[in-house]
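Computed from the coordinates by the stated procedures, all read-outs in this text should not be read as laboratory data. Model, not experiment: these values are computed from the prediction. With ideal geometry, Cβ positions are generated from the backbone for all residues, glycine too; neighbour counts draw on all protein chains shown.
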Ligand code: NAP
């Protein structure tokens with residue numbers, strides 16, 4: 001007979017792995033699905049210095065490896081498969097994948113979100129080597145160095161202000177001459193003596209051999225380009241990209257309620273409006289997207305899924 005899991009978790013970032021650990025430890029039959037790589041966004045982070053308890057050797061991959069080991073120790077199964085369709089109504093949910101259909105009594109959506117890229121030469125190759133999408137994670141590495149921040153929304157300006165605690169100078173480069181960010185945030189950023197602004201411009205190319213050493217900017221009004229290289233005494237500089245995020249909600253767009261930006265709306269128990277379907281981590285509406293909040297979401301979602309599945313049996 002076809003196996004019906006108590007819970008299938010879609011996504012194997014910190015939210016999915018934490019959900020897997022909690023669900024399996026509660027003796028639920030648990031399957032974690034991952035599309036291509038384990039660990040989600042942190043698998044590309046060199047140092048995770050802000051996850052409580054991670055002090056030494058806490059690279060993204062090492063933290064992920066420990067999370068996987070722990071979830072598997074409690075009996076969580078993992079499978080590499082791409083989900084192509086979800087049938088979430090009814091008591092038995094069907095997860096259609098490229099490896100066949102899977103069945104579960106409850107589902108935890110933990111597919112995450114990905115930062116929007118600038119899509120310029122050098123960006124991919126130098127990600128983690130001077131190009132970053134997370135100030136909380138990486139700003140400290142740029143202590144006393146020069147940093148360029150791309151974007152004009154709340155995130156770009158707020159993160160730029162945070163980065164000034166470390167960097168010697170932060171230049172915000174925005175593609176227009178008016179910010180999308182809230183006025184109060186713009187006002188605060190313009191008063192910051194360490195922040196400079198370049199308007200109507202964007203990156204044409206990120207320059208560097210092994211580490212970011214410079215950036216080529218283009219002025220969109222004049223078409224002029226300018227290469228800015230790191231101070232020779234520093235040798236390197238930082239590039240932070242905050243041009244929005246893309247939640248991985250394509251599969252559930254027509255199934256669960258999303259906010260204007262495409263994130264899943266849940267209640268405090270991580271429940272979507274579909275009974276037995278929960279969401280955890282970066283994919284849902286929340287104020288702080290970090291490993292620590294993702295793992296907390298995963299734990300809550302798994303405990304609630306357990307209660308839901310137990311109630312089905314009554
Ligand atoms: P956002 O509001 O979508 O802003 C993205 C910024 O990036 C915009 O300035 C946009 O330029 C620019 N951009 C987009 N694509 C680009 C590209 N390909 N190249 C260059 N620039 C590009 O994203 P966000 O700042 O991450 O904020 C997301 C949401 O979280 C917003 O609703 C925001 O209000 C909220 N948030 C709130 C707070 C707070 O309240 N304290 C803090 C952080 C975030 P244009 O302006 O020209 O479109």
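Just a few scattered comments:
- Mean projected area in nm² (Cα convex hull; one quarter of hull surface) for the stretch 15-123: 8.8 nm²
- Pair residue 96, residue 55: separation of 7 Å Cα→Cβ label points (nm): 5.1 nm
- Modelled label reach - residue 87, point 7 Å along Cα→Cβ, the stretch 246-274 residues with backbone N closer than 16 Å: 255
- Structure remark: mean-square fluctuation, Gaussian network model of the chain, C-alpha springs under 10 Å; the largest value among 133, 263, 245 belongs to 245.
- Between residue 129 and residue 36, the C-beta separation translates, for a Förster distance of 22 Å, into a calculated FRET efficiency of about 0.55.
- Residues residue 228 and residue 3, FRET efficiency given R0 of 45 Å [Cβ-Cβ distance, rounded to 0.05]: 0.20
- Against the chain, whose longest principal axis is taken from its Cα atoms, helix 60-73 shows a tilt of about 10°.
- Paramagnetic label zone (point 7 Å from Cα along Cα-to-C-beta, residue 199; backbone N under 12 Å) in the stretch 152-174: 174
- Distance between the 7 Å Cα→Cβ label points at residue 114 and residue 154: 2.5 nm.
- Acute angle (nearest 10 degrees) that the helix 14-25 long axis makes with the longest principal axis of the chain, alpha-carbon atoms: 20 degrees
- Residue-averaged 222 nm ellipticity for the chain, from DSSP H runs of 4+ at -39500 (n - 2.57), nearest 500: -7000 deg cm²/dmol
- Fewest-first ranking of 138, 282, 314, using other Cβ atoms within 10 Å as the exposure measure: 314, 138, 282
- Sorted on the mean count of surrounding Cβ atoms within 10 Å across their residues, most packed first, peptides 270-281, 286-297 read 270-281, 286-297.
- On the basis of the beta-carbon distance and an R0 of 35 Å, residue 209 and residue 140 show a calculated FRET efficiency of 0.90.
- The slack in the chain from residue 269 to residue 313, taken as 0.36 nm per residue of separation less the alpha-carbon distance, amounts to 13.8 nm.
- Computed from Cα positions, the angle between helix 154-163 and the longest principal axis of the chain comes to roughly 70 degrees.
- Projected label points at residue 188 and residue 74, each 7 Å from Cα along the beta carbon direction, are separated by 3.7 nanometres.
- A straight line joining the Cα centroids of the stretch 1-30 and the stretch 160-230 runs 43 Å.
- As a proxy for reagent exposure, ranking 28, 111 by other Cβ atoms within 10 Å from fewest up yields 28, 111.
- Cα shape, the stretch 117-241, gyration tensor, a/c 1.5 rule: oblate
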